[in-house]
1. Say R0 is 30 Å: what FRET efficiency, to the nearest 0.05, do residue 133 and residue 212 get from their beta-carbon distance?
2. Taking amide hydrogens as modeled 1.01 Å from N in the peptide plane, which residues meet the under 5 Å criterion relative to residue 72, leaving out close sequence neighbours?
3. Mind giving me the nanometre distance, one decimal, between the label points for residue 165 and residue 254, set 7 Å out from Cα along Cα→Cβ?
4. So, in nm, how far is label residue 243 from label residue 311 when the simple model puts each one 7 Å beyond its Cα toward the Cβ?
5. Using r as the Cβ-Cβ distance of residue 220 and residue 182, and R0 as 35 Å, what FRET efficiency do you calculate, to the nearest 0.05?
6. Placing +1 at every Lys and Arg Cβ and -1 at every Asp and Glu Cβ, with all other atoms neutral, what dipole size does the range 1-140 have around its Cα centre, in debye to the nearest 20?
7. Expected output is a single nm value to one decimal: the length gained when fully extending between residue 236 and residue 5, i.e. 0.36 nm times separation in residues minus the C-alpha distance. What is it?
8. In the range 93-177, what is the volume of the convex hull around the alpha carbon atoms, normalised per residue and reported in Å³?
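The values are calculated or read from the model by the stated rules, or taken from the named source; none is laboratory data. All figures in this text were calculated on a predicted structure; none of them were measured in a lab. Ideal geometry is used to build each Cβ from the backbone, glycine not excepted, and the neighbour counts take in all protein chains shown. Side chains are part of the model used for accessible areas, which takes the heavy atoms of the whole protein and leaves out ligands, DNA and RNA. Shrake-Rupley method; radii C 1.70, N 1.55, O 1.52, S 1.80 Å.
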Amino acid sequence: MDTSTLPETMRATAYESVNFPMAKLQVAAGAPGFRSRRRITTLPAGSMVAIGHHSTSSLRRSLPLASGEGENLMAHLVISGECTFTPIGGQTLRCTPGWIVLDALQRQGSSEILAPGAVLVYATVPMQRLYDSVPTLRDMIRTRVPANLFWQQIILAIHKAHQDIDSGLPLDEARFEAKIIDLFIAACNASAATLGLRGRIGSNDVLRRLSQIKRSIDLHLDDDALSPDQIAAVNNISARYLRTLFATEDISFTDYVSARRLSRVYHLICDPEFIDVSITKLAQSCGFTDASWFANQFRRAYAATPSDVRAKAQIQWRAMGLISDKCAADLAVV
């Protein structure tokens, strides 16, 4: 997608609709002249690769965005330009050519593209594919590491895959994804060795357990009485230990559940399959019982009202031919 071909008022929304599944980033409000050209390839087991060209811009990942579908680790590989990444409560990481930033997409924070014309290559791998192969995984989340031969091979592999596609050659997606994951693991381990990182015994067990708990929460999101005791019992742990696990990500159980519900409502609002379902009913189906509180939390998370988000989604639905102009005009947004 090349947003420079769109009216300026539509660029941020178009970028976000393509970018959310991969990087979960939202363009900061009031970004004049924002432009981005990004190509994303989604692979069968959940990995994604992309090449992006960016104007100077500010991006943010709120907790609802971070708690969206998928727990992935993304490598930002800067080809030209400069950018920074700042996790909530963490240190700003500056990324320039020759350095890689490893970004856990389930962590909230912000990003800055500091110069126009920045070019980055991205590789995103599901966290569960890394638990057993990267002993230092927990220590590498949200870190800056020097580039090595394996990171360079990832860049070359992504470029070649896109060139082959443009030439009309078939891409064996499963084989390509396996190659990217193998290179990603080798690159992480080589970077860890360079930095002198040593895997701690049981370190990745915390990540595994928390991922399992989050899956349990997803299964019970529609329960308005969802509680730490309930999820702890399902996972055969104490509620106290449950809270300790969430504290490792600097969030509370309650905040995570609220953010996950907001994320689910957001995606339902943007899904044409639920075009005839009111926003109020969609929110209730995700466990929100107080419409006013939901609306306030949604506005804080996405810098827009639920009705505004659906209105923008309708514009895209019409552009894609999913709904007619008359159908859009007849919709009741409540």
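1. Once the sixth-power term is evaluated, E becomes 0.95.
2. 105, 106, 127
3. 4.4
4. 4.2
5. Once the sixth-power term is evaluated, E becomes 0.45.
6. 120
7. Full extension of this stretch gives 77.8 nm more.
8. Looking at the range 93-177, the number lands at 133 Å³ per residue.
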